[in-house]
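Novice: Just passing along the structure, written as structure tokens.
The values are calculated or read from the model by the stated rules, or taken from the named source; none is laboratory data. Predicted model, so just to flag it, every value in this text is computed and none were measured. Positions of Cβ are generated from backbone atoms using ideal geometry, with glycine treated the same way; all protein chains shown enter the neighbour counts.
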Amino acid sequence: MITVTEAYQLVLSNKLSLKSTDVPLTKALGKVLDENILADRPFPPFNRVTMDGIAISFNTFSTGTRDFPIEKVQAAGDEPYRLLNNGHCVEVMTGAILPENTDVVIRIEDITISEGMASVNIRLVEPFQNIHLCGSDKSTGTVLMKKGVLLGPVELSVAASVGKSTLKVLQYPKTVIVSTGDELVPVSEIPASHQIRISNSYAIFSFLKKWGIAAEMIHLPDNEQYVQHKIKELLDNYELIVLSGGVSAGKFDYIPKALKEAGIQSFFHKVSQRPGKPFFFGSNEKTRVFALPGNPVSTLLCVTRYLIPWLKESLGLAHSIQPKVKLLKTIVFNTPLTFFVPVKVTTNPETHILEAYPLPGNGSGDFANLLDADGFIELPENETEFQAGQFFTFWPFKLQN
């Protein structure tokens, strides 16, 4: 049995090398960029007017001129225009290209327009005020986004602005989620008194879907020969296999033996933690296997603490620093294991500190208790009493609005 820290390090050090693929811009949301994106022209690409108003020559204004005949109206998208008379002005709209021979924009609130004449009502102006100068943000050839960026709305907007109709992104691993056990029936069926509906698979599916992986789901009965055959088949067809159940040391827990016979190298099979002690992680050259405990709380903990960080590592994404939360109620735990406790987290309105109230529930099978929880706090295995007021690492699992 290994520690949580050792298990975490083994998981992260066995990431997948993912292939690259091209996708249309409209299908790139939530994927990881696998190329650098360069500015194909300056940002902004021209001297851009940032306020509705008039464009004038600063030199003309500095001589005392305050009344300017309007020579032309320049809207956003109009062809460039050159001011013909420096004593005149061009009425300009936000987003328009700045007319040549002008270098000041005076906003509409500071002028009066009457019968084709614009009168300036302020005394002081500065050269290039209300003008977004060409190239002042980025120059041509600048790297705007580096390989490894998670693509969101802003990133896709920038990609569109440089003409990238398709993007090179990492191809997510082909994934299958496997539930096991004769006690499980499909969601659509009414279970007998000794049965329960499949539910863990849907939790795992949802976590992976958030990261852009559309996993397949299958179920394996408690039949040793069938499990062995199916495991070999899955290893031929998938790069990531996530199993739930059948991983402990029970008479009908066939998964570890089937994985070993199929050539999967085991990195660990037990972790010094509660919940989630019987937890298998292994691989071959092509596939990574996470075999999680069947109890719902254990499954959720292992997904949150290990599977999602592994996925981020494989995608080359930076790991966010886990927040610390203040425990509101003392917990005593005398077993020498790392203890993960479901908690409800709120922000103290006065101190703005995250505070956690423990919701221990009725063990690793009580997943209804998780409806009120926001995540787990991690209590280290070298202690037995965890005092109210202490701070501990928080692993959130609720989707944020």
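Novice: When the residues of region 307-319 are filtered to those that are among the hydrophobic types (A, V, I, L, M, F, W, C) and within 16 Å of PHE281 (Cα to Cα), which remaining residue is surrounded by the most Cβ atoms within 10 Å (Cβ to Cβ)?
Specialist: LEU311
Novice: Further question on the same structure: Being in contact with a Phe, Trp or Tyr (Cβ under 9 Å, 6 or more places away or on another chain) and either more than 15 Å from ALA55 (Cβ to Cβ) or among the small types (Gly, Ala, Ser) (or both) is the filter here, so list the residues in region 118-133 that pass it.
Specialist: Of everything in region 118-133, those that are in contact with a Phe, Trp or Tyr (Cβ under 9 Å, 6 or more places away or on another chain) and either more than 15 Å from ALA55 (Cβ to Cβ) or among the small types (Gly, Ala, Ser) (or both) turn out to be ALA118, SER119.
Novice: In region 236-266, how many residues are closer than 29 Å to VAL169 by Cβ and more than 28 Å from the chain's Cα centre (by Cα)?
Specialist: Number satisfying all stated conditions: 2.
Novice: Inspect region 296-306 for any residue being closer than 30 Å to GLU383 by Cβ, out of contact with any Phe, Trp or Tyr (no Cβ under 7 Å at 6 or more places or on another chain), surrounded by 21 or more Cβ atoms within 10 Å (Cβ to Cβ) and outside the structural domain of GLY375 (by TED's automatic domain parsing) and give the result as yes or no.
Specialist: Yes, region 296-306 has at least one match.
Novice: Here's a follow-up. Quick test for you: out of LEU208, LEU170, LEU184, pick the one residue that is under 30 Å from PRO42 (Cα atoms) and buried (at least 18 other Cβ atoms within 10 Å of the Cβ).
Specialist: Exactly one of LEU208, LEU170, LEU184 is under 30 Å from PRO42 (Cα atoms) and buried (at least 18 other Cβ atoms within 10 Å of the Cβ), namely LEU170.
Novice: Let me ask you something else. Could you say whether any residue in region 199-218 is over 32 Å from the mean Cα position of the chain (by Cα) and either closer than 19 Å to THR304 by Cβ or free of Cβ contacts under 8 Å to residues at least 40 places away in the same chain (or both)? Give the derivation first.
Specialist: Within region 199-218, the first condition is being over 32 Å from the mean Cα position of the chain (by Cα), and the residues that meet it are none.
Within region 199-218, not a single residue is over 32 Å from the mean Cα position of the chain (by Cα) and either closer than 19 Å to THR304 by Cβ or free of Cβ contacts under 8 Å to residues at least 40 places away in the same chain (or both).
Novice: Give me a count of the residues in region 240-252 that are surrounded by fewer than 20 Cβ atoms within 10 Å (Cβ to Cβ) and in contact (Cβ under 8 Å) with a residue 12 or more places away in the chain.
Specialist: Number of matching residues: 3.
Novice: Among the listed residues GLU35, GLU71, GLU91, GLU79, which satisfies the condition of being acidic (Asp, Glu), more than 30 Å from ALA214 (Cβ to Cβ) and under 44 Å from the mean Cα position of the chain (by Cα)? Walk me through it before giving the result.
Specialist: Values: GLU35 fails: more than 30 Å from ALA214 (Cβ to Cβ); GLU71 fails: under 44 Å from the mean Cα position of the chain (by Cα); GLU91 fails: under 44 Å from the mean Cα position of the chain (by Cα).
After applying the criteria, what remains is GLU79.
Novice: Of all residues being in contact with a helix residue (DSSP H, G or I) (Cβ under 8 Å, 6 or more places away or on another chain) and in a strand (DSSP E or B) in region 288-324, which is farthest from GLY361 (Cα to Cα)? Just the residue, please.
Specialist: Among residues in region 288-324 that are in contact with a helix residue (DSSP H, G or I) (Cβ under 8 Å, 6 or more places away or on another chain) and in a strand (DSSP E or B), the one farthest from GLY361 (Cα to Cα) is ARG288.
Novice: So which residues in region 167-212 are among the basic types (Lys, Arg), in a strand (DSSP E or B) and within 24 Å of TYR254 (Cα to Cα), if there are any at all?
Specialist: The initial filter retains those residues of region 167-212 that are among the basic types (Lys, Arg), namely 168, 174, 197, 209-210.
So of that shortlist, the ones also in a strand (DSSP E or B) come out as 168, 197.
Scanning region 167-212 gives a single hit, ARG197.
Novice: I want to confirm something. Restricting to region 307-339 and keeping residues that are under 29 Å from ALA291 (Cβ atoms) and touching a Gly at 6+ places or on another chain (Cβ under 9 Å), which single residue is modelled with the lowest pLDDT?
Specialist: ALA318
Novice: Of the residues ASP78, ASP34, only one is assigned by TED's automatic domain parsing to the domain that holds VAL162, within 27 Å of LYS164 (Cβ to Cβ) and either modelled with pLDDT of 95 or more or surrounded by fewer than 20 Cβ atoms within 10 Å (Cβ to Cβ) (or both); which?
Specialist: Only one candidate qualifies: ASP34.
Novice: Under 8 Å between Cβ atoms, at least 6 apart or on separate chains: pull out the pairs that start in region 44-57 with a residue that is in a strand (DSSP E or B) and end on any residue that is of a type in the set (Lys, Arg).
Specialist: As it stands, the answer is GLY53/ARG107, since those pairs meet every condition given.
Novice: OK, next. Can you tell me which residues in region 81-111 are acidic (Asp, Glu), part of a strand (DSSP E or B) and either in contact with a Pro (Cβ under 9 Å, 6 or more places away or on another chain) or at pLDDT below 95 (or both)? Break it down into steps so the answer makes sense when it comes.
Specialist: At the first step, the residues of region 81-111 found to be acidic (Asp, Glu) are 91, 100, 103, 109-110.
Restricting the remaining residues to those that are part of a strand (DSSP E or B) gives 91, 100.
GLU100 - this is the single residue of region 81-111 that is acidic (Asp, Glu), part of a strand (DSSP E or B) and either in contact with a Pro (Cβ under 9 Å, 6 or more places away or on another chain) or at pLDDT below 95 (or both).
Novice: Return the residues of region 1-43 that are among the β-branched types (Val, Ile, Thr), assigned to a strand (DSSP E or B) and either touching a Gly at 6+ places or on another chain (Cβ under 9 Å) or under 22 Å from ASN284 (Cβ atoms) (or both); say none if nothing qualifies. If you could, list the steps in order and put the result at the bottom.
Specialist: Looking only at region 1-43, we keep the residues that are among the β-branched types (Val, Ile, Thr), and these are 2-5, 11, 21, 23, 26, 32, 37.
Now restrict to residues that are assigned to a strand (DSSP E or B): 2, 21, 23, 32, 37.
Listed by number, the residues that qualify are ILE2, VAL32.
Novice: Something else now. Is one or more of the residues making up region 264-272 crowded, with 22+ Cβ neighbours inside 10 Å and in a loop (DSSP other than H, G, I, E, B)?
Specialist: Within region 264-272, one or more residues are crowded, with 22+ Cβ neighbours inside 10 Å and in a loop (DSSP other than H, G, I, E, B).
Novice: Pairs please, first residue from region 114-134 and at negative phi and among the small types (Gly, Ala, Ser), second anywhere and modelled with pLDDT under 95 and part of a loop (DSSP other than H, G, I, E, B), Cβ atoms under 6 Å, 6+ apart in sequence or on different chains.
Specialist: none
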